[in-house]
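The values are calculated or read from the model by the stated rules, or taken from the named source; none is laboratory data. All of these numbers come straight from a predicted model, not from anything done at the bench. Backbone-built Cβ (ideal geometry, glycine too); neighbour counts: all protein chains shown. Please note that ligands, DNA and RNA were not included when accessible areas were found on the heavy atoms of the full protein model with its side chains. Shrake-Rupley method; radii C 1.70, N 1.55, O 1.52, S 1.80 Å.
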Amino acid sequence: MSETATKKENPVFGRKIFFITPPPNVFPFVTNKLRELEYEVYVIPNWRFAREILKKYPNSICFINIDEQSMSSKGWLSYIKSINEDEDENLKSTIMGVLSSRSRRTERELFLSKVTLDAGYIVTSVGNSELVNSIQGVLDVNGAKGRRQYVRANTSKNPTAQIICEVNENVLTMQLLDISTVGFACGVSNKEANCFVKNALLKNFTLRLEKRQILSSAVVFAIKPGETFTTLVLLFLPNQLPQNKIAIQEFIAKTLEQSTLGDISKNFAEDRMDYESLYNEDKA
């Protein structure tokens, strides 16, 4: 069962960031840029599944595109309020924010006065760089990264994530256990582990990420023997090609999306509430 925590606490391992039906200038440009900056970003294409997702992942940051035409401003107010005040502590812990191209003062004041928006009301009708900076500022204030510097994906159950290298004239194929843009861990048999030495340079190995193959080099940072296999921890060289880093980031984002969301319509219950009818002008 997931742990719950108050919004005021910044988790050590950071927060998941969800964008609900983001507008075209946010997805994919802004979401990709935030991933490049090492934020853990997800996109929820249908708001009707968001509540169940947010319940599963407490203390997340969630931005809602209120320009999405499925509800009026009153409906979105009711929807956000229902999350702010839900009895489920996991859902209630969500840090909510709003995205809108509408910059009218009355519109902003309506949302900021009627519901709790700790992630703010962000106007999207600005330049891409300014929009990224605005969202990044909100994320940093709310401890989105925590103490971690890099987003890491677990690949231990993905048979198409591998390291293929030649050591002492032997070709070894090792299971990739996890990966970030700065390094990775892989598993090797205890016998084959004897081929590796700490701080040694592993040159020109193939990093297989499903259908994509990347030629790279890395330094052996740690060797951790286990009962059934040895874990090798390696760090990419600082001069890693930019296109390789982008490919790794794309793979990490895809892997995390599959493990966190998967097939949304199958994994999460649909919210059938009519939030338009819930709106009460005096209480909203």
ask   = Non-local amide H neighbours of Phe221 (under 5 Å, H modeled in plane, Pro and chain starts lacking H): which ones?
value = Asn199, Val233, Leu234, Leu235
key: Listed residues Thr206, Thr106, Thr231, most fluctuating in the chain (Gaussian network, C-alpha, under 10 Å)   = Thr106
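Given the rule -39500 (n - 2.57) for each run of at least 4 DSSP H residues, summed and divided by the residues of the chain, what is its mean residue ellipticity at 222 nm, to the nearest 500 deg cm²/dmol?
Working: 9 runs with 82 residues, N = 284.
Mean residue ellipticity at 222 nm (helix-derived): -8000 deg cm²/dmol.
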task = Could you please state, rounded to a whole Å, how far the C-alpha centre of region 80-127 is from the C-alpha centre of region 44-58?
result = 16 Å
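Which translational diffusion coefficient, to the nearest whole µm²/s, is obtained for region 89-185 from the Stokes-Einstein equation, given a Kirkwood hydrodynamic radius over C-alpha pairs, 37 °C and 0.692 mPa s? Don't jump to the answer; show the numbers that get you there.
Values: Rh = 17.5 Å.
My calculation gives 188 µm²/s for D.
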ask   = With every protein chain present, what is the per residue accessible area of the chain (1.4 Å probe, Å²)?
value = 52 Å²
query = Which whole-Hz couplings ³J(HN,Hα) result when phi for each residue of region 79-90 is put into the Karplus expression 6.51 cos²θ - 1.76 cosθ + 1.60, θ = phi - 60°, listed in order with x for Gly and Pro?
reply = 5, 5, 4, 5, 6, 4, 10, 5, 6, 6, 5, 4
key: Label-point separation, Thr206 to Glu257 (7 Å along Cα→Cβ), nm   = 2.6 nm
task = State the Cα centre-to-centre distance between region 224-284 and region 154-204 in whole Å.
result = 24 Å
request  = Check cross-link reach from Lys254 to the aspartates and glutamates: straight Cα distance under 15 Å, and skip same-chain residues fewer than eight apart.
outcome  = Glu36, Glu38, Glu40, Asp178, Glu210, Asp263
ask   = When all protein chains stay in place, what accessible area (Å², nearest 10, 1.4 Å probe) is found for Lys55?
value = 60 Å²
task = Counting only C-alpha contacts under 8 Å and six or more residues apart, can you give the relative contact order of the chain as a whole percent?
result = 19 percent
note = The percentage of the accessible area of region 169-284 (probe 1.4 Å, all protein chains present) made up of carbon and sulfur atoms, to the nearest whole number, is 50 percent
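With a 1.4 Å probe and all protein chains left in place, how much of the accessible area of region 1-153 comes from carbon and sulfur atoms, in whole percent? Before the final figure, lay out each step's value.
Details: 3360 of 7040 Å².
The nonpolar share, carbon plus sulfur, comes to 48 percent.
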query = Label-point separation (nm) for Ser217 and Asn128, each offset 7 Å from Cα along Cα-to-Cβ?
reply = 3.3 nm
query = So which of Lys145/Lys203; Lys55/Lys224; Lys55/Lys145; Lys92/Lys266; Lys55/Lys245 end up more than 30 Å apart by C-alpha?
reply = Lys145/Lys203; Lys55/Lys224; Lys55/Lys245
remark   = Once both label points are put 7 Å beyond Cα along the C-beta direction, the Leu110-Asn168 separation in nm becomes 7.2 nm
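Provide the percentage of antiparallel DSSP beta bridges, counting only those with both residues in the chain; round to the nearest 5.
On the way: 35 of 51 bridges.
Here the share of antiparallel DSSP bridges comes out near 70 percent.
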